[in-house]
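One structure below.
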Amino acid sequence: MKIIAYLKPTCGWSMGVRAIMKKYQLEYEDRDIINKPEQYAEMVEKSGQPLSPCVEIDGQMLADVSGEEVENYMLSNGLVEANETAPDAPTNAACTDEEHEAMRSKTIRFF
């Protein structure tokens, strides 16, 4: 299975997608859409919209999804088998107020 995940370095939604990949021990490409404008542009082109995370699984684009939605897609399509391993991050949550505050000092992208 080929998985490309278009993610932010620090984001509740992105961390949820990473937690699902780890839970199922899946190999995937983690594409940084904040620090690499070409990867953001690729995500927008492929998904047809600007919101993240986006996860492409074997050519099927899941746009603006949570880790929970990615897990449900993979389970319902028989791509993974259910397991009882707890994810190491919330899989359906935005950034906390503390995470947003920490990001305030980061460079803001305008493209």
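For a quick check of your reading: which helices (runs of 4 or more DSSP H) sit entirely within segment 1-90 and have at least 3 residues that are in contact with a helix residue (DSSP H, G or I) (Cβ under 8 Å, 6 or more places away or on another chain) and touching a residue at least 60 places away in the same chain (Cβ under 8 Å)? Show your work before the answer.
On the way: elements: 12-23, 37-47, 67-76.
The helices (runs of 4 or more DSSP H) meeting that bar are 12-23.
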(Q) Whether any residue in segment 93-103 is modelled with pLDDT of 95 or more, more than 14 Å from the chain's Cα centre (by Cα) and surrounded by fewer than 17 Cβ atoms within 10 Å (Cβ to Cβ) is what I want to check. (A) no
Q | Residue within segment 41-60 that is β-branched (Val, Ile, Thr) and modelled with pLDDT under 95 present | A | no
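The values are calculated or read from the model by the stated rules, or taken from the named source; none is laboratory data. The model shown is predicted, which means the values in this text are computed figures rather than measured ones. Note that each Cβ is placed from the backbone with ideal geometry, even for glycine, and that neighbours are counted across all protein chains shown.
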